[in-house]
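Every number here is computed from the coordinates shown, using simple stated rules; none is lab data. Since we're looking at a predicted model, the values are computed, not measured. So basically every Cβ, Gly included, is an ideal-geometry build from the backbone, and we count neighbours across all protein chains shown.
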Amino acid sequence: MSAVVVRNVSKYFKKGKKEVVHAVRKISFEVEEGEIFGILGPNGSGKSTLIRMIATLLIPDEGKIEVFGHDVLKEPDTVRRLIHRVSVEASFFKKLSAYENLSFSAGVYGLSKRMALKRANELMALMGFDRARLKDPIEDFSRGMQQKVAIARAFLTRPKLLLLDEPTTGLDPRAKREVQELILHANREGSTILLSTHDMDEASRLCHRLLIVHEGRVVVQGRPIELVESLRRKYPDASLETVFLEYTGRSFEELEMEVV
């Protein structure tokens, strides 16, 4: 059984009275159980919309999505028990400490306070987080520290499927590498991971397979090394950036500047 099956999925949003934005257009792919599958694309390409639909937060306008054989529309509660999601903007009880936020989340998933604290300490140590700060209010944390707490919260219960929506965006290089190591650790522990990113190096380092998207459509998909090697005869110094440029005629850098 595949961990995630997406079949001909589309999502539209109305902008004003007449304009319709096609965020996702007829996208299909499958995520195998136990792999790290990446969705790579520039800002505004539809990555987050896809993640939200898989997480049951948005309803597809067309197509079908299944998580471990469960339809996200017909069995949303079952799907939610199998997943955990980390987004760029994580939500917390800002007045409460990191420990209190983590304990609350653990309780929702039926994890005892004792096990939650043990697991939290383990995860925070893997990310180089000062344990003494776990007793401080979340509102006193930097953006990077809050993101580490959000990631630890998602990994607490070892969910079958982790949906990571640009989890390292805004982190400094050291924090980014620590979070990437934790993603690899979670995968080794048995979690299937769906990772949305616009970081070429991150996608190449972490992902077993990639789906590259642009303007809501699939550009190409496959294993990172195979996608790059397929262009080596034409471009000896080919990279994932080269792959994207070859299939779209535009560079990531150009498209990111347009969004900004």
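For this structure, a couple of remarks:
- Note that region 60-66 has calculated 3J(HN,Hα) couplings of x, 7, 9, x, 9, 10, 10 Hz, one per residue in order, obtained from phi through the Karplus relation 6.51 cos²θ - 1.76 cosθ + 1.60 (θ = phi - 60°); glycine and proline are x.
- Paramagnetic label zone (point 7 Å from Cα along Cα-to-C-beta, F93; backbone N under 13 Å) in region 108-132: 108
- Relative contact order (%) - criterion: Cα under 8 Å, at least six apart; region: region 5-98: 27
- Label positions at D61 and F104, each projected 7 Å from the Cα along the C-beta direction, are separated by 3.5 nm.
- Building the convex hull from the alpha-carbon atoms of region 4-259 and averaging its projection over directions returns 14.7 nm².
- Fluctuation leader among L210, L58, L123 - the chain, Gaussian network, Cα springs under 10 angstrom: L58
- Think of each Lys and Arg Cβ as +1 and each Asp and Glu Cβ as -1; about the Cα centre, that makes the dipole of region 38-81 roughly 180 debye.
- In range of the label at E32: residues from region 206-245 whose backbone nitrogen is under 11 Å from the point 7 Å along Cα→Cβ: 208-209, 223
- Given +1 at the Cβ of Lys and Arg, -1 at the Cβ of Asp and Glu and no other charges, the dipole of region 85-181 around its Cα centre is 400 debye to the nearest 20.
- Cβ-Cβ distance of T78 and N43, R₀ of 30 Å, FRET efficiency by 1/(1 + (r/R0)^6): the value works out to about 0.40.
- For the chain, with +1 on Lys and Arg beta carbons and -1 on Asp and Glu, the positive-most of G38, V108, M1 along the dipole: V108
- Lys, Arg +1 and Asp, Glu -1 on Cβ, resulting dipole of the chain about Cα centre, debye, nearest 20: 800
- Counting neighbouring beta carbons within 10 Å and listing from fewest to most, the residues S45, S204 come out as S204, S45.
- Computed on the chain, with alpha-carbon pairs under 8 angstrom and 6+ residues apart, the relative contact order is 25 percent.
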